[in-house]
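Scroll down for the structure; my scribbles are underneath it.
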Amino acid sequence: MNWDFNIAPLLPWPALAALAAAGLVFIAVSVLTRGRGWILRGLALALLLAALVNPSLRNEDRESLSDIAIAVVDQSRSQSFGDRAARTERALGDL
């Protein structure tokens with residue numbers, strides 16, 4: 001099993017930084033004015049930013065496949081020119 005953690009932000013990083021800064025300013029004003037609920041506002045800001053970063057945890061389970069190759073052989077009339085038929089048979093044999 002192969003675990004992988006990816007992030008694919010829904011907004012560009014500068015926009016996310018600007019939203020985080022604006023939210024922190026509002027929370028700081030709430031703290032300085034002794035407003036209630038600044039902890040919940042901070043939690044809401046953190047959850048909003050986490051959602052906009054769009055994290056994902058992926059588990060890949062890979063299986064090896066058997067070695068199978070498909071060969072398409074040209075049997076048209078153009079194969080009768082020169083040594084094309086022999087070269088095609090050699091290439092098919094090499095596969």
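Just so you know, all these numbers are worked out from the coordinates, no wet-lab data involved. Just so you know, these numbers come straight off a predicted model, no measurement behind them. Every residue, glycine as well, gets a Cβ built from its backbone with ideal geometry; the counts of neighbours run over all protein chains shown.
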Filter pass, PHE26 being of a type in the set (Phe, Trp, Tyr) and in a helix (DSSP H, G or I): yes
Those residues of the range 55-95 which are among the hydrophobic types (A, V, I, L, M, F, W, C) and under 27 Å from the mean Cα position of the chain (by Cα), in sequence order: LEU57, LEU65
Residues of the range 57-95 classified as touching a strand residue (DSSP E or B) at 6+ places or on another chain (Cβ under 6 Å) and surrounded by 10 or more Cβ atoms within 10 Å (Cβ to Cβ), total: 0
Filter result (β-branched (Val, Ile, Thr) and touching a helix residue (DSSP H, G or I) at 6+ places or on another chain (Cβ under 7 Å)) within the range 68-95: VAL73, THR88
Any chance LEU10 is free of Cβ contacts under 8 Å to residues at least 60 places away in the same chain, touching a helix residue (DSSP H, G or I) at 6+ places or on another chain (Cβ under 9 Å), of a type in the set (A, V, I, L, M) and in a helix (DSSP H, G or I): no
Test: residue in the range 38-51 that is without any contact (Cβ under 8 Å) to a residue 60 or more places away in the chain and assigned to a strand (DSSP E or B): no
Residues satisfying the stated conditions in the range 52-95, i.e. of a type in the set (Asp, Glu) and either in contact with a Pro (Cβ under 7 Å, 6 or more places away or on another chain) or not in a loop (DSSP other than H, G, I, E, B) (or both): GLU60, GLU89, ASP94
